[in-house]
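Step one of this worksheet: look at the structure below.
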Amino acid sequence: MIKDLDIKKLIIDKPLKLDCGQTINNYSLAYETYGSLNEKKDNAILVFHALTGDQFVTGINPITKKEGWWSYAVGPGKAIYK
Amino acid sequence: MLLALVKLFINNYSLAYETYGFLNEKKDNAILVFHALTGDQFVTGINPITKKEGWWSYAVGPGKAINTDQFFVICANVIGGCMGSIGPNEINSETNKKYGTSFPVITINDMVNAQFNLLNFFNIEKLFAVIGGSMGGMQTLQFVSNFPEKAKVAIPIACTASHSAQNIAFNELGRQSIMADSNWDNGDYSNKDKSPDKGLSVARMAAHITYLSKNGLQEKFGRKLQERDDLKFGFDADFQIESYLRYQGSVFVDRFDANSYLYITRAMDYFDLIKEHNGNLSKAFENTKTKFLVISFTSDWLYPTSENKEIVIALNAIGADVGFVEIESDKGHDSFLLKVPKFLNTLGDYIKTAYSKS
């Protein structure tokens, strides 16, 4: 159901040591971005999602075809704006 | 199992009941107790089926709030139940198979009308009192509404006149959990020698949380770990609260029938004494001379004080004799079943005084 094409992925080759003691390698981290990074690179906001959220914060979620989970808060002219 | 039950047969359906104490010569000391969702007729003493204390052992017995040295206490298993009264787990004599979901959907009104037959059976013209908590409280209200002349005193505890959306929601969660278990088999499991234990157990776990309070849970369990020094990074029970809920679920399936759970929760959901009287709850009690005592608990978020007060307001509006007490307790909805001295004293004093004045 989920089309990988719609999902941006960062492949991380730096091992991640987990709290449980195991280590994962070469893992993917799916992400999405909104707006543009300025030249000074001082305008970046990292948003963390909740239990059942995902990276598609605002606009139409390409998988569910519904509004992103924080569309009320994030977007042009909104509390966290592009 | 059924052999151990005392049964009264009326028009070919059975109503399993139990009594405590003795009916006096004047027959004016009878108290009909109604049980809650997962209760049964074994109110106090050792339950012969589960071998555990009856569900209201703190409140009912010799010298207790409902004093069986003084009163004749009657309690029947509700129809739809699974402790001997007719219900989905009983055999349909026409098909020789257990009813399962072919059993008709029943209501609180049906439960009360079935139990009314106990008055004739014991030759009791008028009960001294009708008493019950939670769904037992709903039956108490329905009883007085149906039979305004048949009880001197009514004590609905931790209940409501109209089942709320939140309570319907929790009941639906329990039902869906049962029906999601493949062993449920469209309700026909009991004819196939299997049972949806996992579904019923999860239903009980979810419901059990609603009977407690956030503060009570935090105080009793907090984040305490279950027989381990540290987290195990897996999905077995790390926390005591998880282990506790799993235990509650596992013991429940030994004494309760999944289809009964569906039927009884449905009856609770359908309960709406306000709608039954076109939006005016007072009309439910129009002609009653019954004395009421309504009791709620501060930490009960399932049947909160506000909903209990609606009953008091409706009774006040028609000048009925009604008292109201909100008991302070952090034990949540379950407070009425537990050792809450303020509650037990209030109940006992009221009953004693009301009887001596009657």
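Quick notes
- Residue ID - farthest from the other protein chains (Cβ to nearest Cβ), chosen from residues in the stretch A:9-54 that are in contact (Cβ under 8 Å) with a residue 40 or more places away in the chain and surrounded by 11 or more Cβ atoms within 10 Å (Cβ to Cβ): A:Gly35
A quick yes/no check of all residues on (1) without any contact (Cβ under 8 Å) to a residue 40 or more places away in the chain; (2) at negative phi; (3) β-branched (Val, Ile, Thr); (4) out of contact with any Lys or Arg (no Cβ under 6 Å at 6 or more places or on another chain):
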{"residue": "B:Ser93", "(1), (2), (3), (4)": "no, yes, no, yes"}
{"residue": "B:Thr101", "(1), (2), (3), (4)": "no, yes, yes, yes"}
{"residue": "B:Gly136", "(1), (2), (3), (4)": "no, yes, no, yes"}
{"residue": "B:Gln139", "(1), (2), (3), (4)": "no, yes, no, yes"}
{"residue": "B:Ala158", "(1), (2), (3), (4)": "no, no, no, yes"}
{"residue": "B:Ser164", "(1), (2), (3), (4)": "no, yes, no, yes"}
{"residue": "B:Asn167", "(1), (2), (3), (4)": "no, yes, no, yes"}
{"residue": "B:Gln176", "(1), (2), (3), (4)": "yes, yes, no, yes"}
{"residue": "B:Ala180", "(1), (2), (3), (4)": "yes, yes, no, yes"}
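- B:Leu262 being buried (at least 20 other Cβ atoms within 10 Å of the Cβ) and either of a type in the set (Phe, Trp, Tyr) or in contact with a His (Cβ under 9 Å, 6 or more places away or on another chain) (or both): no
- The residue list B:Asn123, B:Asn117 contains one member that is surrounded by fewer than 17 Cβ atoms within 10 Å (Cβ to Cβ), polar (S, T, N, Q), assigned to a loop (DSSP other than H, G, I, E, B) and more than 16 Å from the chain's Cα centre (by Cα), which is B:Asn123.
- Residue within the stretch B:265-284 that is within 14 Å of chain A (Cβ to nearest Cβ) and on the phi > 0 side of the Ramachandran plot present: no
- Test: residue in the stretch B:91-108 that is out of contact with any Cys (no Cβ under 8 Å at 6 or more places or on another chain), closer than 21 Å to B:Thr288 by Cβ and not in a loop (DSSP other than H, G, I, E, B): yes
- Residue that is surrounded by the fewest Cβ atoms within 10 Å (Cβ to Cβ) [pool: residues in the stretch B:152-194 that are small (Gly, Ala, Ser) and part of a helix (DSSP H, G or I)]: B:Ala165
- Checked against (1) over 25 Å from B:Leu302 (Cβ atoms); (2) away from chain A (no Cβ under 14 Å), B:Leu231 passes all but condition (2).
- In this structure, B:Tyr303 qualifies as of a type in the set (Ser, Thr, Tyr) and either in contact with a His (Cβ under 8 Å, 6 or more places away or on another chain) or part of a strand (DSSP E or B) (or both).
- Only residues that are touching a residue at least 12 places away in the same chain (Cβ under 8 Å), in a helix (DSSP H, G or I) and polar (S, T, N, Q) were counted across the stretch B:306-358, and they come to 4.
- Residue count for the stretch B:127-171, restricted to those that are in contact with a Gly (Cβ under 6 Å, 6 or more places away or on another chain) and more than 16 Å from B:Pro304 (Cα to Cα): 2
- A Cβ distance below 8 Å, combined with a sequence gap of six or more or placement on separate chains, defines the contacts here; from the stretch B:222-242, residues that are of a type in the set (Phe, Trp, Tyr) reach residues that are part of a loop (DSSP other than H, G, I, E, B) and surrounded by 13 or more Cβ atoms within 10 Å (Cβ to Cβ) in the pairs B:Phe239/B:Phe221; B:Phe239/B:Gln226.
- From the options B:Gln176, B:Gln248, B:Gln218, residue that is among the polar types (S, T, N, Q) and either in the same structural domain as B:Asn109 (by TED's automatic domain parsing) or over 29 Å from B:Phe271 (Cα atoms) (or both): B:Gln218
The values are calculated or read from the model by the stated rules, or taken from the named source; none is laboratory data. As the structure is a computational prediction, the values presented were derived from the model and not from experiment. All Cβ positions, glycine included, derive from the backbone under ideal geometry; neighbour counts span all protein chains shown.
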